[in-house]
1. Among the residues of the stretch 6-17, is any of a type in the set (G, A, S), in contact with a strand residue (DSSP E or B) (Cβ under 8 Å, 6 or more places away or on another chain) and modelled with pLDDT under 75?
2. In contact with a Gly (Cβ under 7 Å, 6 or more places away or on another chain) and either open to solvent by less than 60 Å² (accessible area, probe 1.4 Å) or free of Cβ contacts under 8 Å to residues at least 60 places away in the same chain (or both) - does that describe any residue in the stretch 50-69?
Amino acid sequence: MFACISGDGVGLRLPSLPSPSCAFSMDNTEPFQPGGTASTREWIQINRSDAAEYKKDLELFQASLAFVKSARTR
């Protein structure tokens, strides 16, 4: 699974970043905590009030899909 809807946003699985603060430099990004439970460092959540705004995050969605697809071949 590379992405899922949770709460007010979308959770994305991405490669571990060198610095956790990198993932949360955007105002609309936070740690992914489905049901209030902390998940791994590989997951972030993007919150957008307008679903059409997620097109701005296309690069992150593509990176997430590529990361998960590459893990299947390891």
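The values are calculated or read from the model by the stated rules, or taken from the named source; none is laboratory data. No experiment lies behind these values; they were computed from the predicted model shown. With ideal geometry, Cβ positions are generated from the backbone for all residues, glycine too; neighbour counts draw on all protein chains shown. Note: areas computed on protein heavy atoms with side chains; ligands, DNA, RNA excluded. Shrake-Rupley method; radii C 1.70, N 1.55, O 1.52, S 1.80 Å.
1. no
2. no
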